[in-house]
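No lab work stands behind these numbers, since they all come straight from the coordinates. Here the structure is a predicted model, which is why all the values come from computation and not from measurement. Counting neighbours? That spans all protein chains shown, and the Cβs are built from the backbone with ideal geometry, glycine included.
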Ligand code: SAM
Ligand code: SF4
């Protein structure tokens, strides 16, 4: 019989790490681990890390400092605490982590976390262990499925990773090195996972991949399926009311996928598709393999297919060689798209990537000043989008109780939180809501009869 133990998993970075953290918890459950949100109670602490920018990586090391204090206090009280570092920092830095932070017992890369229970047993016997191989076995085939209770506890909206890795090699990005080559999961496995989630009450599934629209997993017919085909099949899963996918690359926005937005009502009219820059000169240096005109053409094709479509993006400021003129092209692109939202980043030089050695590295104060202006442009566009929602009626998926008694909160098709006075029993349901009030980061509404969209 397994001894009951507690695990605390802290996720850094992207949604793919959130998904991986859930799968780690599922895989540790048969070994007797239950999840705790209180790090002080944990027998095993897992930091699931992000390596995309230097700041994300350094956060992990400062967190490890705090974990060491906890571990030492537990040891004084006669309790053993094991510390594991997983994810992309683990993959990229391996042994270096144990050298910098000797309190770490396990370092496990993003492709081998299915081995966590075995690594734990080995670390308990033999001391610190580092496993950053890209193993021959498929981790997804070796992960435990989530229990019904675990699915319910995670809410009505769930992630499913369908694709990992990237072959695009943007010159600033570590993903091709930390997550490896592009690989897609077979469609039957994804369909089975979606059915299991739906049976436990999940109503919305977001398909995840570093480059999700490059999906080309094997279909049940033995042939590679594009993402559009997978989405069409998932739209048939009973109980699934909403489908989303993220993150997409503009180059892989194939016609079949654009048509899926026209043909599948459950595919939400909101797409995160990073542009990175509005300047062709920068896009070329970034090796993005698309131009500003390509990006805008993709947006207009999507809007033609689904007029209520809205967009969000990622932008990097201060990429090596970026002039004021290049930066202004990014600002004007945001206005031209009318972004409903966007993430903005200061360029961070990552060792081993081509851009880290490019001439024309931009000074920190210039990056900070551009970031402020970029964020102002993003906020202005997001506020305009939210303001356009006023008076509109659209479907909301209710997710949880709201802040005040009698209130519940859900998500609009565009992922905005929407607060409504309605019964708690509506959680998990999709209902039409008319937007009556808009604040900086929330919408307020009343239950209605008719559904529609805003787009634009
Ligand atoms: N695969 C997606 C794509 O192609 O757009 C996104 C992957 S990455 C996890 C998320 C975002 O981080 C990127 O879109 C980019 O804006 C940002 N990013 C990646 N590397 C960066 C770097 N070295 N410095 C600053 N931002 C970076
Ligand atoms: Fe990184 Fe995305 Fe470029 Fe791939 S496509 S290298 S994940 S930014």
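Maximal additional length on extending the residue 380-residue 357 stretch stands at 4.8 nm, based on 0.36 nm per residue less the C-alpha distance. Secondary-structure-derived ellipticity at 222 nm for the chain, considering helices only, amounts to -11000 deg cm²/dmol, per-run term -39500 (n - 2.57) for DSSP H runs with n ≥ 4. From most to least packed by mean Cβ count within 10 Å, the peptides 264-273, 350-359 give 264-273, 350-359. Is the shape of the stretch 310-390 rounded, prolate or oblate, going by the alpha carbon gyration tensor and its root eigenvalues a ≥ b ≥ c, with a/c under 1.5 for rounded and a/b larger than b/c for prolate? Cα axes put the stretch 310-390 in the prolate bin.
Here the calculated FRET efficiency for residue 390 and residue 263, from their Cβ-Cβ distance with R0 = 35 Å, stands at 0.75, rounded to the nearest 0.05. Protection proxy ranking, highest mean first, for peptides 432-440, 326-334, 291-299, 227-235: 227-235, 326-334, 291-299, 432-440, where packing is the per-residue count of other beta-carbon atoms within 10 Å, averaged. Need one word for the stretch 337-456: rounded, prolate or oblate. Basis is the Cα gyration tensor (sqrt eigenvalues a ≥ b ≥ c); a/c below 1.5 gives rounded, then a/b vs b/c decides. Since a/c reaches 1.5 and a/b is larger than b/c, the shape of the stretch 337-456 is classed as prolate. Beta-bridge orientation, the chain: approximately 35 percent antiparallel, per DSSP, counting only bridges with both partners inside. Overall form of the chain: oblate. Here a/c, set by the Cα gyration tensor axes a ≥ b ≥ c, is 1.5 or more, and a/b is not larger than b/c. Multiplying the residue separation of residue 300 and residue 96 by 0.36 nm and subtracting their alpha-carbon distance yields 68.7 nm. Applying 0.36 nm per residue to the separation of residue 447 and residue 126 and subtracting their alpha-carbon distance, the gain on full extension is 109.6 nm.
In percent, rounded to a whole number, the relative contact order of the chain is 10, using alpha-carbon pairs under 8 Å and six or more apart. Computed from label points 7 Å out along Cα-Cβ, the spacing between residue 66 and residue 167 is 4.1 nm. A Förster radius of 22 Å combined with the Cβ-Cβ distance from residue 423 to residue 153 puts the calculated FRET efficiency at roughly 0.55.
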